[in-house]
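Structure first, then comments.
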Amino acid sequence: MNKKTTLSLGSFFILTSMYKILLRPLLFLFDPEAVHHFTFKLIRFTHSLGFGGLFRNLYQVKNKSLERQLFGLTFPNPVGLAAGFDKNAMLFKELSNMGFGFIEIGTVTPKAQPGNDQPRLFRLKEDAAIINRMGFNNGGVEEAVERLKANPKTGKKHVLIGGNIGKNKITLNENAVNDYIICFEALFDYVDYFVVNVSSPNTPNLRALQEKQPLTDLLQTLQDKNNLREKRKPILLKIAPDLTNEQLLDIIDIVSETKIDGVIATNTTISRDGLKSDNKDEMGGLSGRPLTKRATEVIRFLAEKSHKAFPIIGVGGIHSAKDALEKLDAGADLIQLYTGFIYEGPKLIKDINQAILTK
Ligand SMILES: Cc1cc2nc3c(=O)[nH]c(=O)nc-3n(C[C@H](O)[C@H](O)[C@H](O)COP(=O)(O)O)c2cc1C
């Protein structure tokens, strides 16, 4: 190996390990929500200095074999960013430079809302997990639309966007459908697929909308709106990992009845089984390592019992390439990361894509 190769391999190693060795220990000293905002600024700043190309070189894996065709869309690779990180569509371009094949924005609600009081985001370091009770803090759907206008509609620079939609806290469940319609109509021209979120544990009573009748009504109403369009957009349902097998069988029936395009499994859990961290009893939804097994079980159950009747996006506790491959083996067509991205950094995206290629 000549000196130049050794040098570039060395700098590559430093840059790819920089997050876990240098940056993460520092970031994890501070309040998680403050760090979230700081990281946004840091990512923005590095891009404003022209480091976008460097990120692309370091983390993107370009290979035709990674492409996935699903519900009429071509995903450049199957590793996406899960909802909740870029709620307000502020960083989709920069995050795609880090190697994600698609970015899910939201959950957005019709009107801007502040979410729950702080502190509302907790790191469970010993468990490689997060508890959050953000409560759909977001700038409202119109603000997201304004930002998404910067995304080219087609071509190489188009970032594939999922629009994750929900209801405002003050909206009663009996009127919830209107909130979903408002978000659906506003985002229609600016996202590639929709996600109906009825599974967050942090909006009071939201998960009651997962019951068979209200959920069928909600999805059917959105489908009716969708079918009025010249070209419909894929609609997916995001479900909680805490559903019973009976409820999961209901979900399979509802997907078939309403003919929606797929399911995202799963959102955060209200379970606290087997946790070690001192702050494990904080209220909210748990994500990360403790969710890995249950989310995979849900994916496998849906895939097997439906005889793979619809696409599944697998999410929950993916912290390594092995975790990602397990989700894909269980029946997921695409996968998404959130907590694993926080703990492992952008190199995880590359590791997963490379593992998929060498499988
Ligand atoms: C801080 C935080 C905020 C989240 N916000 C949302 C949200 O607004 N909408 C949503 O559908 N899921 C949200 N999620 C759930 C994630 O999208 C994902 O389904 C869940 O965290 C499991 O994946 P993970 O273990 O990789 O984090 C959030 C998760 C976290 C940690």
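Every read-out reported here was derived from the displayed coordinates using simple, explicitly stated rules and does not represent laboratory data. Because the structure is predicted, anything quoted here is derived from the model rather than measured. Because the Cβ atoms are built from the backbone with ideal geometry, glycine has one as well, and the counts that use them run over all protein chains shown.
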Could you work out the relative contact order of the stretch 217-280? I mean the mean sequence separation of Cα pairs under 8 Å and 6+ apart, divided by the number of residues, in percent. 39 percent
Over the stretch 57-176, relative contact order from alpha-carbon pairs under 8 Å, at least 6 apart, %: 26 percent
Do you know the relative contact order of the stretch 101-238, to the nearest whole percent, from alpha carbon pairs under 8 angstrom that are 6+ apart? 25 percent
Exposure-ranked with fewest Cβ neighbours within 10 Å first, Val177, Val298 stand as Val177, Val298
Under 15 Å from the Cβ of Glu143, count the other residues' Cβ atoms, weight Lys and Arg +1, Asp and Glu -1, and hand me the total. +1
Per DSSP helix of 4 or more residues, -39500 (n - 2.57); summed, then divided by the residues of the chain. What does that give at 222 nm, rounded to the nearest 500? -12000 deg cm²/dmol
The chain: antiparallel bridges as % of DSSP beta bridges, rounded to 5, reads 30 percent
Classified through the alpha carbon gyration tensor (a ≥ b ≥ c as square roots of its eigenvalues; rounded if a/c is under 1.5, else prolate when a/b is larger than b/c, else oblate), the stretch 62-155 comes out oblate
With Cα coordinates, the longest principal axis of the chain makes an angle with the long axis of helix 3-18, in degrees rounded to 10, of 40 degrees
May I ask you to derive the FRET efficiency for Thr221 and Gln247 from their Cβ-Cβ distance with R0 = 25 Å, giving the value to the nearest 0.05? 0.75
How about Lys359: which lysines have a C-alpha closer than 19 Å to its C-alpha, ignoring those fewer than 8 places off in the same chain? Lys62, Lys64, Lys322, Lys327, Lys347, Lys350
Report the label-to-label distance for Glu33 and Lys111 in nanometres (one decimal), using points 7 Å from each Cα along the Cα→Cβ vector. 2.0 nm
Keeping to pairs on different chains or 8 or more places apart, tell me how many lysine pairs in the stretch 96-242 have Cα atoms under 18 Å apart. 10
Within 10 Å, count the other beta carbons around each residue, average over each peptide in 270-277, 288-295, and list them highest first. 288-295, 270-277
For the chain, what does the equivalent ellipsoid look like in terms of its semi-axes, each the square root of 5 times an eigenvalue of the Cα gyration tensor, given largest first in whole Å? 31, 23, 21
Eligible aspartates and glutamates near Lys87 by straight Cα distance, threshold 13 Å, same-chain separation 8 or greater: Glu104, Glu142, Glu143
Proximal charge balance of Lys293 [Cβ under 12 Å; K/R count +1, D/E count -1]: 0
For Val79, Val145, Val196, order by how many other beta-carbon atoms lie within 10 Å, fewest first: Val145, Val196, Val79
His47, His37, His307, His158 arranged by Cβ crowding within 10 Å, fewest neighbours leading: His307, His37, His158, His47
Just add up the charged neighbours of Val159: K/R +1, D/E -1, any other residue whose Cβ is under 14 Å from the Cβ of Val159. +3
Under 1.5 on a/c is rounded, so check that first for the stretch 92-198, then, if it is not, pick prolate when a/b is larger than b/c and oblate when it is not; a ≥ b ≥ c are the square roots of the alpha carbon gyration tensor eigenvalues. oblate
Cα gyration tensor, the stretch 122-179 - rounded (a/c under 1.5), prolate or oblate: oblate
Taking every DSSP beta bridge with both residues inside the stretch 56-141, roughly what % is antiparallel (nearest 5)? 80 percent
Take the chain, connect every pair of alpha-carbon atoms lying under 10 Å apart with a spring to form a Gaussian network, then pick out the residue of Asn175, Asn57, Asn88 with the largest mean-square fluctuation. Asn175
For helix 321-330, report the angle its Cα long axis makes with the longest principal axis of the Cα atoms of the chain; keep it between 0 and 90° and round to the nearest 10°. 30 degrees
Taking Cα atoms, the helix 212-227 axis meets the longest principal axis of the chain at an angle in degrees (rounded to 10) of 80 degrees
